[in-house]
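Since the structure comes first, as structure tokens, the remarks are kept for the end.
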Amino acid sequence: MQLQPQVVITGLGLVCPLGNSVPAALANARAGATGIRPYQSRWCDPAQPHLHQRVGGTVVGFEPDVVLEPRLAARHEPATLFALAAADEALAQAGLAGETGDRDRFGCAIGAGLAGAELWHRALHAAYALDRTDEIARMAAIQITGTAVTGALAIRHRLRGPSLGVANACASGTSAIALGADQIRMGRADVMVVGGCESSMRGLLTYASFVDAGMNPTRDPVGACAPFAAGRRGFVLAEGAAVLVLERLDLALARGARILGVVAGSAMVNDAHHVISPDPSGAPWARAIELALADAGATAAEVDAVSAHGTGTPQGDVAETRALRRVLGARAEQVPVSATKSMHGHAFGAAGAIETALAVAAMAEDVVLPTINLHVADPACDLDYVPHRARRHPIEVLVKTGFGAGGVSTALVVRRTPRPSVRRGVGPRAAVDAVADSFAF
């Protein structure tokens, strides 16, 4: 039986509230900084009287005109521009920018939970407040579709392989990574540009929709997002994008690419419980993690760290804690669990991708990122959440969780190094040496 190819990560790109590149965002995350602030975005109007929340994880210092010329940039959702910038960074790091490689074998899978939020807001304002339907951009109908981002990425980077626009609520980003890796494992692509993007906080409809769905109504950015903490009040909206370049291991080794990690396993399930509220037992979420570990050929005993979904909602954090206890058993309190939404907020469709990119970048430095604002833990949340400060900790196997409305649940297992058995035709020692030579720690 022929082994499926291992899928490695060779590039990362980030535009998020913690910084507009991987080095900048990682440095701020390691320092326990916060990107949750009063609105400072050029697209947001903090004076809108109907906004229930005037703080959020906003992207600052991002200039869309650097990504595209102004005429073209104006046609796109901010989320698309974030994704284009993140993809530029990721492909450059991977050494796959330009026309390198067989672009018929390059694809993309991008998650977006609330595509077109800003354009919807503009369109409704034009149609109902101004009575000017001619003010609605003629491209709006296209830009609010799930394929707007993948189409823009494909055109920019000549990605002519599989193309997936993933809408899976707050698990969209993690789901896109899983589905992109599957395309490579199934032999349909050699390289997949994957991740998530979101600018949902820019539209008034987002706020109207999420007031009763767990959003923290605070207007004070200090401690606004406090996953697993006693007295937490809910999630804080955010925006941004993250892109990962996934590639077949043998191709990455052949061209001398630096390997940042391996998407070793994944799973997607539904709890079939409630549209918004999670199953309080955590059992369905635990099942997703267990299936992902099995897909990776790993066991719970091998898990070194967890990048949690950790939104700061009273129900969700308890359910996730229970899920991790079910999976990790007696080791549950020994495995560090990091919730970086405490620093950058909840970017919905981009959240899982942002958190995965940060976790992979930190893994290369033997670091677990902190959960800030955790001054007193909820008694029902009794794991090691790495409060306040980043921690040195060797990681070989990382679990990433991602959950969303509608009962969706996605789990990823990321290994730091590939398994040597995939390289047939050479001895095990030679394979290990070849893999080791591809790292630059």
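Tabulated data
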read-out: Amide H within-cut-off set for residue 168, under 5 Å, with H built and near neighbours excluded; value: 112
read-out: Alpha carbon centroid spacing (whole Å) that separates region 222-284 from region 155-194; value: 15
read-out: Residues 249, 68 arranged by fewest to most Cβ contacts within 10 Å; value: 68, 249
read-out: Fewest-first ranking of 166, 367, using other Cβ atoms within 10 Å as the exposure measure; value: 367, 166
read-out: Charge-dipole axis of region 312-432 as Lys and Arg at +1 and Asp and Glu at -1 on Cβ define it, positive-most pick from 372, 314, 410; value: 410
read-out: Sorted by Cβ neighbour density within 10 Å, fewest at the top, the residues 179, 369, 3; value: 3, 179, 369
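Bear in mind these aren't lab numbers, they're just calculated from the coordinates by the rules spelled out. Everything quoted here is computed from the prediction, not taken from an experiment. Here the Cβ is made from the backbone with ideal geometry for all residues, glycine too, and neighbour counts use every protein chain on show.
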